[in-house]
1. Please work out which residue is nearest to B:G322 (Cα to Cα), limiting yourself to the range B:339-372 and to residues that are open to solvent by 20 Å² or more (accessible area, probe 1.4 Å) and more than 10 Å from every other protein chain (Cβ to nearest Cβ).
2. For the range B:88-101, which positions are closer than 15 Å to B:P249 by Cα and part of a helix (DSSP H, G or I)?
3. So A:A128 ticks every box in (1) within 14 Å of chain B (Cβ to nearest Cβ); (2) assigned to a helix (DSSP H, G or I); (3) over 24 Å from B:D349 (Cα atoms) but one. Which box is left unticked?
4. Has the range A:125-134 got any residue that is among the basic types (K, R), open to solvent by less than 40 Å² (accessible area, probe 1.4 Å) and over 24 Å from A:Q35 (Cβ atoms)?
5. Are any of the residues in the range B:258-265 within 25 Å of B:P84 (Cα to Cα) and either open to solvent by less than 60 Å² (accessible area, probe 1.4 Å) or out of contact with any strand residue (DSSP E or B) (no Cβ under 9 Å at 6 or more places or on another chain) (or both)?
6. State all residues of the range B:105-125 that are open to solvent by less than 10 Å² (accessible area, probe 1.4 Å) and assigned to a helix (DSSP H, G or I); if no residue qualifies, say none.
7. So how many residues does the range B:136-155 have that are of a type in the set (K, R) and either open to solvent by less than 20 Å² (accessible area, probe 1.4 Å) or in a loop (DSSP other than H, G, I, E, B) (or both)?
8. If you scan the range B:376-390, which residues turn out to be closer than 18 Å to B:R334 by Cα and out of contact with any strand residue (DSSP E or B) (no Cβ under 9 Å at 6 or more places or on another chain)?
Amino acid sequence: MPQPQPEPEFDELYREIILDHYRSPRHHQPLANAQVVAEGYNPLCGDEVELQLNFENGAISDVSVQGRGCSISQASGSLLGDIVLGKPTDEARRLIGLVTNMLTDAEAEPPEELGDLEALQGVAKFPARVKCATLAWHTLEDGLKQREAAGADRPIVTRHDE
Amino acid sequence: MTTFDIDRIRADFPILKREVHGQPLVYFDNAATTQKPRQVIDALVHYYEHYNANIHRGIHALAEEATARYEETRQKVADFIGAPGPECIVFTRNTTESINLVANAWGRKNLGEGDEIILSTMEHHSNLVPWQMLAQATGAKLRHIDIDDEGRLAGDSVEQLIGERAKLVAITHMSNVLGTVNPVRQIADLAHAQGALLLVDGAQSVPHLPVNVQELDCDFLAFSAHKMLGPTGVGVLYARHELLESMDPFLGGGEMIRRVGLEESTWNDVPWKFEAGTPNIGDVCAFGAALDYLQELGMEQVRAHEVSLAQQAMRRLSEVPGITIYGPKSDEARGGVVSFNLEDIHPHDLGTVLDRHGVAIRAGHHCAQPLMARLDVVATARASFYVYNKEEELDALIEGIQAAVRLFRAPAPTRT
């Protein structure tokens, strides 16, 4: 059999940053008494992401990211933890918009402020894997939305199906 | 060992000449759907180029030819599965529709509160969800036969669950995930001893091993043409003649009627009573060519070829460090489906890497979520074989797996 040639698109999907976050996920410690527990599930492939969040003065003061699934879904969650920690909720919402746009539009140029998240850009060229990458972001979006609706005073658990 | 002339068989399948990402296509996703030989493709084109017409009502030559070919395929199906006659064969869209037909046309009439439908934890959603819907509509209860550690039906569970309240046992002949071949004849005897009927989901067995409905003594058998070299959009329901006679229609409309009034109608004879509307004529005719192809190969030979491939695949896969292979180990109890998981590598990641090596496998829950839960996994990778696969193709699978291992396995993970 001929050896497979490395292809640029393939390298673009499994960038070193992605593999690093998959092998060594950040923000992996569970939080005690989290104000929001946002669970995300992709019934199609079984990927699971659980976000635990605490808030202070309108900003995300603590985040924990756990789950099981493919490298894209788990690395995406880990990168999410990195960027939203310390951000005001409005800012987090804006970031969700930027990231999901990047993940679904192969032509989109990722804004510089996304930093390492730019590594996920290649996903847009793999239609079968887009939902792996958006799972954590839609889970966060759902958690923030429901927290606002619930009045932010009491702990809530949200469940999102991708 | 196989007595096939594999190269001659492969030459019949145009798609096997194509490349995927610059690599020769290695198609190991046969449990999902199989590729089609030139003979089947030609038969489909021939239908549209030479005798395309609606059936059973035209008085012109094309309609007569189309009707004859359509009904000829029904006879071929009956012969293929050892059915007593073509009147026992109903054409549907797929296995799922065949099972839904039984759930609606037989189940709603014959099941009630407290009756039991016996299934197993290894069922495909198509042999689970229709029964859940039927149970909700009728008050019947579902009971599930568990599996043992090798993925076989747990023997004592079979005997315990098929009790006097059982009205129907609906079980897969061969698991699409584990490859397990279930002892259907034995289950038929247990079911019939309790006065229950047996439906066999043959989606994975009829294409891959000799199946004779009279030897199995099943009451219903459902399967799909597209998993056995035929076109998509054609399913088969076999049922015992007297059952079909006693069942109400499933769908109403043209074809299935005899006399229609403004308020009520009478039904056509079986099997046409169950074929409302214009059926998938072209694909049914082409399915006939698929049956001819398999008959010529011989189903015993097909089975032997796949067992040999599965055995070699399992031997070579078991050499990969950190691999878990699911399903029975012995040849008699399994078919040409091998599901596995690699430590630290999700099946979807493996699927993407293998795709880049030209190797098509399935990764996911295989429409068997309760089985995934039972195995305590979110998904598995699955390689499944058919008549045109050859031993050398396993090299590409193993190389792809090794590439994935190099890519994903961390030297020493540090978690923060």
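1. Ranking the qualifying residues of the range B:339-372, first place goes to B:E343.
2. Passing the criteria: B:C88, B:E97, B:S98, B:I99, B:N100, B:L101.
3. The number of the failed condition is (3).
4. yes
5. no
6. Scanning the range B:105-125 gives B:A105, B:G107.
7. Count: 1.
8. Of everything in the range B:376-390, just one residue is closer than 18 Å to B:R334 by Cα and out of contact with any strand residue (DSSP E or B) (no Cβ under 9 Å at 6 or more places or on another chain), namely B:V387.
The values are calculated or read from the model by the stated rules, or taken from the named source; none is laboratory data. Model, not experiment: these values are computed from the prediction. Here the Cβ is made from the backbone with ideal geometry for all residues, glycine too, and neighbour counts use every protein chain on show. To get the accessible areas, we keep the full protein, side chains included, count just its heavy atoms, and leave off ligands, DNA and RNA. Shrake-Rupley method; radii C 1.70, N 1.55, O 1.52, S 1.80 Å.
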